[in-house]
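Trainee: Can you keep this structure in mind? I'll have questions shortly.
The values are calculated or read from the model by the stated rules, or taken from the named source; none is laboratory data. Remember, it's a predicted structure, so these values are computed and weren't measured experimentally. Here the Cβ positions follow ideal geometry from the backbone for every residue, glycine too, while neighbour counts run over all protein chains shown. For the accessible areas, the whole protein counts, side chains as well, though only heavy atoms, and no ligand, DNA or RNA atoms are used. Shrake-Rupley method; radii C 1.70, N 1.55, O 1.52, S 1.80 Å.
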Amino acid sequence: MFSKLKLSVNVSIMGILLLCVSPFVLANTEEQYGNLTQHLQLQYLAEPTAQRAQYLAILQTGSAAEQLEYIDNIQQSVAAFWHNKQVPLPFDSIANTTSLRDKNIALEPAADDYLGVINDLRKLMWLSQTQDWPTITLEGLLRPGDSHPSIKQINQRLWLLGDAYAYLADEDKYQPALEQSVKRFQSRHGLKADAVIGPKTLFWLNQTPQQRASLLAKSFVEKTTYLSQLPQSYLLINIPAFQMVLVDQNEVVLTSKVIVGKPYRQTPVMTGQISNIVINPTWTVPRQLLRKDILPQVRLNGAYFTDRHFDVFDYEGHRVDKTPQQWQQAAKGKFPYRVVQRPGNGNALGRYKFHFNNDQSVYLHDTPTPEMFAHVERDVSSGCVRIEKVQQLADWFANHLVIDKRTWAHLQSNHTQTQWFALSSTLPVHMVYWRAWVDEQHVAQYRDDIYQLTPVESMKLLSHKVTSNDIVQ
């Protein structure tokens, strides 16, 4: 998703036919205005307006005279879209004598995944014009070996979307070939690849090509706009992808799985500056977590604080000791104490904490339960972000930003002494919410809206049957 390499896409003759923007586009129009049409269609899918719909109609169904009359306006409209988002274009520096074709190509934003996104959008829009997409319904789970009338429809849909390598038109039994196709489909939608077709897999199977195209286009525009404003070095966490990426001097140097907040304790979309790293951190339990998570455990087990290596302090900083029975009683009412977990193997923050100032008590840290990274869906924390490759991330900070390297090296074998480390400069951290992209293998990836942040909008997408007579002059 963040590769800096330009990758070429080889498509078959059949693939080229399938990726046509519209079956109504004439060959000469495709050759002359193909790039411009692709730029404009992406923008319309991301941010539909009447003007963009009209311009698309001119490019696709208008007369040669209409196209010639409007071409400058259309180019300027496409350029203005990215200018308003502060995304630079090669178009900004080309000469007036540049050919029409080269001008259209120069309207492409400098994003490594642009070609992959455009190709996928073209295919999706072709599907939306040529294929019915009725809702598939199941009364229960569908597993390999089962027979069901919807098998034929599922086979066809996976073939159309590119997850099945062959179209088994007459098959109504869940065969091994379909099992592999479903697993591929589940994997690129961030689902557990178990070949069991349940509600989540069915949801994505029923997403129409237009819905997919709109989500992919919107995500691409948001991501491209965001990345164009970032410095050369930063840490970025894509929340619904459960992924972290570390970029140093515009090069990706580390990627890692992450765990993010539960839907009712969300990791916020935010930015900050990592200013300190803590080795062997203590954990001061936030009041909300104390009330909702810890105190109910204490009411059940008065020795909970002792078993989990917590110290309890009053608000004047004095340590408070009670018997298990007294703690059980105290946990039933107002609890005027501060609870701190000592460093060590069982500490909730693990070995490292990456601190940045924010008013939501969010930070990045290690975890004592690394086995949770094996789960596909990892929205299970209380809001902070847990990092799988935490040692590699800490090593990068030690090599590049930690000032006191001698003390850092000394504490690598110490698991009980808490030590804060200052940095020679802060590192920007960005928590974003991007639900769709095309990866380095040119595979379109989609993720669930785990926090329900995507607004429900009516799908007023372009009908390619618009004619030039509908154009407002």
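Trainee: Can you send over the carbon and sulfur percentage of the accessible area for the chain, probe radius 1.4 Å, protein chains only? Spell out each step's value before the answer.
Mentor: Working: 11680 of 23070 Å².
About 51 percent, which is the carbon plus sulfur part of the accessible surface.
Trainee: Over the stretch 51-186, one equal point on each Cα, no solvent: what is log10 I(q)/I(0) by the Debye formula at q = 0.08, 0.11, 0.12, 0.19 Å⁻¹?
Mentor: -0.40, -0.64, -0.70, -1.08
Trainee: Probe 1.4 Å, all protein chains in place: accessible area of Thr282 in Å², nearest 10?
Mentor: 60
Trainee: Cα atoms only: what Rg and Dmax, in Å, come out for the stretch 261-301?
Mentor: According to the Cα coordinates of the stretch 261-301, Rg and Dmax are 14.2, 40 Å.
Trainee: With every protein chain left in place, what is the accessible area of Tyr337 in Å² (1.4 Å probe, nearest 10)?
Mentor: Counting only protein heavy atoms, the figure is 40 Å².
Trainee: Hey, could you get me the Stokes-Einstein D for the stretch 301-451, Kirkwood radius over alpha-carbon pairs, 25 °C and 0.890 mPa s, rounded to whole µm² s⁻¹?
Mentor: Working: Rh = 18.9 Å.
Estimated via Stokes-Einstein, D reaches 130 µm²/s.
Trainee: What is the spread of the Cα atoms of the stretch 361-412 along each of their three principal axes, largest first, in whole Å?
Mentor: Principal extents (Cα only, largest first): 38, 24, 17 Å.
Trainee: Would you calculate, for the chain, the mean residue ellipticity at 222 nm contributed by helices, counting each DSSP H stretch of 4 or more residues as -39,500 (n - 2.57) and dividing by all residues, to the nearest 500?
Mentor: Numbers: 15 runs with 165 residues, N = 473.
Roughly -10500 deg cm²/dmol at 222 nm, from the helical runs in the chain.
Trainee: Would you mind putting 317-328, 443-454 in packing order, based on average other-beta-carbon counts within 10 Å, highest first? Mind dumping the intermediate values first?
Mentor: Details: 317-328: 12.7, 443-454: 17.1.
Order by mean packing, descending: 443-454, 317-328.
Trainee: Would you work out the relative contact order for the stretch 282-435, in percent, from Cα pairs under 8 angstrom that are 6 or more residues apart?
Mentor: Details: 172 pairs, mean separation 28.5, N = 154.
It comes to 19 percent, rounded to a whole number.
Trainee: Okay, moving on. Using the Kirkwood radius over Cα pairs, work out the Stokes-Einstein diffusion coefficient for the stretch 180-224 at 4 °C and 1.567 mPa s, in µm²/s as a whole number. Mind dumping the intermediate values first?
Mentor: Values: Rh = 11.4 Å.
D = 113 µm²/s.
Trainee: Something else now. For the stretch 81-160, what does the accessible surface come to per residue with a 1.4 Å probe? Please give it in Å².
Mentor: Details: 4090 Å² over 80 residues.
That works out to 51 Å² per residue.
Trainee: Further question on the same structure: May I ask you to give the solvent-accessible area per residue for the stretch 373-435, in square angstrom, as obtained with a 1.4 angstrom probe? Write down the numbers at each step before the final one.
Mentor: Working: 3030 Å² over 63 residues.
Solvent-accessible surface per residue comes out at 48 Å².
Trainee: Could you order Asp379, Asp172 so the one with the most accessible surface comes first? Probe is 1.4 Å. Walk me through the intermediate numbers first.
Mentor: Details: Asp379 30, Asp172 75 Å².
Highest to lowest solvent-accessible surface, that is Asp172, Asp379.
Trainee: Quickly work out the Thr407-to-Gln51 label distance, labels modelled 7 Å from Cα along the C-beta direction, and quote it in nm with one decimal.
Mentor: Label-label distance for Gln51 and Thr407, simple model: 5.8 nm.
Trainee: Tell me which lysines have Cα within less than 24 Å of Lys332's Cα, excluding those fewer than 8 residues away on the same chain?
Mentor: The qualifying lysines are Lys292, Lys322.
Trainee: Specify, per residue and in Å³, the volume enclosed by the convex hull of the alpha carbon atoms belonging to the chain.
Mentor: 192
Trainee: For the stretch 124-269, what is the convex hull (Cα atoms) projected area averaged across all directions, in square nanometres? Show your work: numbers first, answer last.
Mentor: On the way: hull surface 43.7 nm².
Directional mean of the projected Cα hull area for the stretch 124-269 stands at 10.9 nm².
Trainee: Spin-label point model (7 Å from Cα, Cβ direction): what's the Ser424 to Asp194 distance in nm?
Mentor: A separation of 4.9 nm, rounded to one decimal place.
Trainee: Cross-link partners among lysines for Lys192, C-alpha distance below 28 Å, same-chain residues fewer than 8 apart left out?
Mentor: Counting by Cα, and skipping residues close in sequence, Lys192 has these lysines nearby: Lys123, Lys152, Lys173, Lys183, Lys200, Lys218, Lys223, Lys257, Lys262, Lys389.
Trainee: Quick one: what Rg and Dmax do you get for the stretch 83-161 from the alpha carbons, in Å?
Mentor: Using the Cα atoms of the stretch 83-161, the pair Rg, Dmax is 21.3, 64 Å.
Trainee: Still on this structure: How would Glu66, Glu316, Glu139, Glu377 rank on accessible area, largest to smallest, probe 1.4 Å? Display every interim value, and only then the final one.
Mentor: On the way: Glu66 40, Glu316 145, Glu139 195, Glu377 70 Å².
Ranked from most to least accessible, the order is Glu139, Glu316, Glu377, Glu66.
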